[in-house]
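Some notes on the structure that comes next.
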Amino acid sequence: MTTTTPRYEVRTATLTDPLTQPLLRELEYEYSTRYPSFDGVGREMARYPAEEFEPRGGGLLLLLLRDGEPVAGGAYRRFDGQTAELKRIWTHSAHRRGGLARRVVTELEQAAAAAGYTRVFLTTGPRQPEAKALYLSTGYTALFDLAADPESLGGPLPFAKRLTGDGPLHLTDFRPAPPVDAGRAH
């Protein structure tokens with residue numbers, strides 16, 4: 001009996017790419033089942049403009065395809081001049097526990113470093129223990145009390161990682177810049 005090893009391809013995509021749609025649908029389903037009292041899942045999924053996940057906007061969306069079908073993916077967006085923020089790390093429910101999310105995170109980190117970012121920031125929900133474990137196992141620093149019950153922390157769980165250099169990371173290092181008011185003169 002001959003078994004063939006699945007072929008994986010890393011492909012850049014956009015939010016409007018048809019190959020991205022399974023990722024978005026399953027993420028929305030996942031969020032709505034894990035957080036049933038949160039009625040803003042659709043708004044959360046549309047929170048960031050598509051351009052923020054494209055190279056011209058300082059971001060990138062990657063898909064991991066197995067024999068041409070999307071099985072995992074994720075993106076980063078510009079958080080600030082030195083920080084990429086990972087978003088929407090996903091593995092298709094039929095392909096979990098095989099290291100695909102780890103590969104996506106590694107690919108995104110390498111792309112972010114090549115784009116000039118020196119660190120990565122991300123958040124995950126308190127009801128996503130497998131995501132928390134993934135980020136800890138791939139070298140991310142938890143910017144919250146790991147001993148606390150995640151549900152008691154009152155929001156998303158923040159993580160960060162240096163892509164270059166060393167030194168401690170603190171939550172206060174990752175405050176987004178206030179939006180620029182185009183109508184005000186400075």
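Remark: segment 79-131 carries 43 Å² of accessible area per residue (probe radius 1.4 Å; ligands, DNA and RNA excluded).
Taking θ as phi - 60° and the Karplus parameters 6.51, -1.76 and 1.60, the scalar couplings of segment 49-66 work out to x, 4, 4, 5, 9, 10, x, 5, x, x, x, 6, 10, 10, 10, 9, 9, 10 Hz in sequence order, x denoting glycine and proline. The string of couplings for segment 71-83 from the Karplus curve (6.51, -1.76, 1.60, θ = phi - 60°) is 10, 7, x, x, 8, 9, 10, 6, 8, 7, x, 10, 10 Hz, one whole number per residue in order, with x for Gly and Pro. The apolar share of the surface of segment 127-171, taken as the fraction of accessible area on carbon and sulfur atoms (1.4 Å probe, ligands and nucleic acids excluded), comes to 56 percent. The alpha carbon centroids of segment 146-174 and segment 49-113 are separated by 20 Å. So for the chain, considering every pair of alpha-carbon atoms, how many percent are separated by more than 21 Å? The answer is 53 percent, as a whole percent. Assuming R0 = 30 Å, what is the FRET efficiency of E69 and L136, from their Cβ-Cβ distance, to the nearest 0.05? Efficiency at R0 = 30 Å is approximately 0.55. Dividing the mean sequence gap of close Cα pairs (under 8 Å, 6+ apart) by how many residues the chain holds gives a relative contact order of 16 percent. Counting only protein heavy atoms and using a 1.4 Å probe, the accessible area of Y31 comes to about 40 Å².
Across all C-alpha atoms in segment 44-120, the radius of gyration and Dmax reach 12.5, 37 Å.
As a calculated quantity, the FRET efficiency between Q110 and Y8 at R0 = 22 Å, using C-beta atoms, amounts to about 0.90.
Each label was represented as a point 7 Å from its Cα along the Cα-to-Cβ direction; for Y35 and T118 these points are 3.1 nm apart.
The values are calculated or read from the model by the stated rules, or taken from the named source; none is laboratory data. Everything numeric here is computed off the predicted structure, so don't read it as measured data. FYI the Cβ positions are ideal-geometry reconstructions off the backbone, even for glycines, and counts take in every protein chain you see. Remember, those area values only see protein heavy atoms, side chains included, never the ligands or the DNA or RNA. Shrake-Rupley method; radii C 1.70, N 1.55, O 1.52, S 1.80 Å.
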